[in-house]
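Reading through the structure tokens given below for one structure.
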Amino acid sequence: MRNVFLFAAALFLLLAFSNPVNAQGVNPRIGIGVNSMLSTSDGLGIGFRGRASAPVNADVSIALDAGFTGFILGGRDDASYIFDPQASAIVNLPRTSTELSYLMFGLGAYVPMGETTSRSGPTIHFGYGRVRVLQETSLFYEFNPALIIAQDRVHLALPVRIGIIF
């Protein structure tokens, strides 16, 4: 799993700072947001997420992002926390004047933190999102389901996210 993330990070850096992207005058983008996640392994949780993306061309971007979600609705004693990094390809759909829809897919991980009975494993995700242009930033909202491939079975994570892109 570590090698997959190292490869994804190297690919991201290579594409983010390659000459075609710089020649087009398109800079990498940073986004932050909040999420709620329904997980068959842990229940309902809330958390936050950060993402860095870079365009490959006008239609495709690559992104690395990571989130931290706390499943705290049962109180502190029963709480569990997960870290879920992802490497994604983002495909832009035809845009309107103020909105852009996109599909995203890729690989990631579902990593429980601390003492917990949560299942861990690599993830495969495929989602849909929209970006709405504001003045100097953009608002995004997305749904990005992931299959968690645990050692003994497969779980499902259903995150809904909203945030700002700088």
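The values are calculated or read from the model by the stated rules, or taken from the named source; none is laboratory data. No experiment lies behind these values; they were computed from the predicted model shown. FYI the Cβ positions are ideal-geometry reconstructions off the backbone, even for glycines, and counts take in every protein chain you see.
Annotations
- Members of the stretch 36-51 found to be under 17 Å from residue 165 (Cβ atoms) and either over 10 Å from the mean Cα position of the chain (by Cα) or surrounded by fewer than 16 Cβ atoms within 10 Å (Cβ to Cβ) (or both), listed by number: 48, 50
- Scoring residue 57 on the criteria (1) assigned to a strand (DSSP E or B); (2) more than 19 Å from residue 159 (Cβ to Cβ); (3) touching a helix residue (DSSP H, G or I) at 6+ places or on another chain (Cβ under 8 Å) leaves a single failure, condition (1).
- Meets criteria (surrounded by fewer than 16 Cβ atoms within 10 Å (Cβ to Cβ), touching a strand residue (DSSP E or B) at 6+ places or on another chain (Cβ under 7 Å), touching a residue at least 12 places away in the same chain (Cβ under 8 Å) and of a type in the set (A, V, I, L, M)) for residue 73: yes
- The residues of the stretch 124-144 that are crowded, with 16+ Cβ neighbours inside 10 Å and within 23 Å of residue 111 (Cα to Cα), listed by number, are 125, 127, 142, 144.
- Pairs meeting the criteria (first residue in the stretch 116-137 and over 22 Å from residue 82 (Cβ atoms), second residue at pLDDT below 95 and of a type in the set (Val, Ile, Thr), beta carbons under 7 Å, at least 6 apart or on different chains) are 131/165; 132/98; 133/98; 137/165.
- Across the stretch 71-103, the qualifying residues are those that are modelled with pLDDT under 90 and among the charged types (D, E, K, R), and the one among them that is farthest from residue 158 (Cα to Cα) is 95.
- Residue 116, sole failed condition from (1) of a type outside the set (A, V, I, L, M); (2) within 17 Å of residue 66 (Cβ to Cβ); (3) at pLDDT below 95: (2)
- Looking across 162, 82, 62, 148, one residue alone is in contact (Cβ under 8 Å) with a residue 60 or more places away in the chain, part of a strand (DSSP E or B), surrounded by 15 or more Cβ atoms within 10 Å (Cβ to Cβ) and among the hydrophobic types (A, V, I, L, M, F, W, C). It is 148.
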